[in-house]
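So the structure is just underneath, and the comments pick up after that.
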Amino acid sequence: MLRLSARQCTLGGSLEFSGVGVHSAVPVNLRIDPAPADSGYQITRILKDGTRVGPVQIHFSRVTRTTLCTTLDLGNSTSVATVEHVVSALSGLGVDNAHITVDSEECPILDGSAGRYVAAIIDCGIDVQPATRKYLKVTRAVTVRNNDAFAALEPYNGRSLDLEIDFDNKVIGRQRMIFDWTPRRFAEDVAPARTFGFARDRQALQQAGYALGSSLENSILVQDEAILNPGELRYEDEFVRHKLLDAIGDLALGGMPIYGRFRSYKGGHGLNALVLSSLLASEANYEVVSAEDLPLAFDSLDDLPEGLNVKPYLRSVG
Ligand SMILES: [Zn+2]
């Protein structure tokens with residue numbers, strides 16, 4: 001039987017999104033197209049004059065800034081910011097190969113989560129490709145620290161994230177989530193979690209050119225001990241779930257999915273990028289392993305989000 005988790009996947013069709021950048025407030029169109037096996041995630045930016053920069057590989061070696069979001073350098077003095085949510089959606093659903101095209105400097109924030117990307121991907125379906133999926137298997141633990149914050153990648157028989165945040169704020173406080181990855185759990189428990197910020201930081205951030213596009217429609221805004229958004233949180237611990245969403249996007253910049261455990265305390269984009277580059281800095285820390293050789297738990301159709309169309313797979317298992 002064909003093991004779904006052992007095959008590379010791409011999208012069953014092309015997807016289009018429009019919105020604004022949460023930091024730049026600039027309108028942007030984003031398109032995701034299927035891509036051939038072994039191409040990974042690539043990105044092209046179309047400049048105002050129609051010039052195309054890219055495609056380039058979405059890879060940690062292109063990360064230039066991790067302040068509040070992850071920014072990639074595409075060359076030719078061109079960058080794209082806030083790539084982490086769309087990449088998280090792809091990686092979280094087990095899409096290995098995709099080509100993203102944007103016509104502005106920042107990916108759209110949409111509703112502040114990866115929910116719309118995930119819903120659109122589920123709608124259009126996934127195509128299983130003939131190529132075997134490969135994983136970066138962690139063989140030696142790597143830890144990076146910043147004061148009491150840390151991020152670590154460790155050998156582990158599976159794909160797990162153990163993430164904890166600790167804010168001096170009663171609404172958020174200390175939240176921890178241990179997440180054993182399946183595409184279905186990602187779609188249900190992680191993708192809808194929205195980004196968040198503090199009302200007290202807003203003015204200083206905006207003076208520094210950040211959060212100019214943020215609103216209650218795309219961010220949870222915390223003021224002292226209250227949430228300013230109308231309506232309920234999507235999860236009681238939505239904050240740690242969004243950090244998990246970010247980490248899944250940031251860790252997908254290694255070129256292939258990671259087989260092992262990620263642990264983090266008070267982490268963020270900077271430590272996520274650093275722990276990934278530290279892992280890949282020495283071949284003693286990892287090996288590239290074929291998925292056929294890994295005992296991945298995720299092999300049942302129940303591990304896939306409800307409604308996801310995976311036609312070649314369904315045909316192959318009859
Ligand atoms: Zn985020």
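Listing for the model above:
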item	result
C-alpha center-to-center spacing [segment 169-204, segment 258-289] in angstrom	20
Candidate residues Ile122, Ile227: accessible-area rank, largest first, probe 1.4 Å	Ile227, Ile122
Candidates per trypsin sites (Lys or Arg not before Pro) in segment 93-157, loop by DSSP, up to 15 other Cβ within 10 Å	Arg140
About the Cα centre, charge dipole magnitude for the chain (Lys/Arg +1, Asp/Glu -1 at Cβ), debye	460
Per-residue ³J(HN,Hα) for segment 247-264, Karplus 6.51 cos²θ - 1.76 cosθ + 1.60, θ = phi - 60°, Hz, x for Gly and Pro	5, 4, x, 5, 6, 7, 8, x, x, 7, x, 9, 9, x, 10, 9, 10, 8
For Arg65, residues with placed amide H under 5 Å, excluding near neighbours	Thr71
Residue-count net charge about Ala89 - beta-carbon cut-off 15 Å; Lys, Arg +1, Asp, Glu -1	-4
Solvent exposure ordering (accessible area, 1.4 Å, most first) of Met177, Met256	Met256, Met177
Percentage relative contact order, segment 43-157, counting C-alpha pairs under 8 Å, at least six apart	19
Solvent-accessible area per residue, Å², over the chain with all protein chains present [probe radius 1.4 Å]	43
DSSP beta bridge pairing in the chain, given as percent antiparallel to the nearest 5	75
Residues whose placed amide H lies under 5 Å from that of Phe196, excluding near-sequence neighbours	Ile220
Contact order normalised by residue count of the chain, Cα under 8 Å, 6+ apart, percent	27
HN-Hα J in Hz across segment 135-144 - Karplus 6.51, -1.76, 1.60, θ = phi - 60°, x for Gly and Pro	10, 8, 8, 6, 10, 9, 5, 10, 10, 10
Amide proton proximity set for Asn309, modelled H, under 5 Å, gap of 5+	Gly125, Ile126
Pairwise Cα inverse-distance average, inverted: Kirkwood Rh of the chain (Å)	19.7
P(r) histogram, all alpha-carbon pairs of segment 115-246 included - 10 Å bins from 0, percent	10, 31, 34, 20, 5, 0
Per-residue HN-Hα couplings for segment 186-194 [Karplus 6.51, -1.76, 1.60; θ = phi - 60°; Hz; x = Gly/Pro]	4, 5, 8, 10, 10, 4, x, 6, 8
Base-10 log of normalised Debye intensity for segment 5-114 (one unit scatterer per alpha-carbon) at q = 0.11, 0.18 Å⁻¹	-0.31, -0.86
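The values are calculated or read from the model by the stated rules, or taken from the named source; none is laboratory data. Fair warning: this is a prediction, and the values are worked out from it, not measured in the lab. Cβ coordinates were reconstructed from backbone atoms using ideal geometry, including for glycine residues, and neighbour counts include every protein chain displayed. Ligands, DNA and RNA are excluded from the accessible area calculation, which covers all protein heavy atoms including side chains. Shrake-Rupley method; radii C 1.70, N 1.55, O 1.52, S 1.80 Å.
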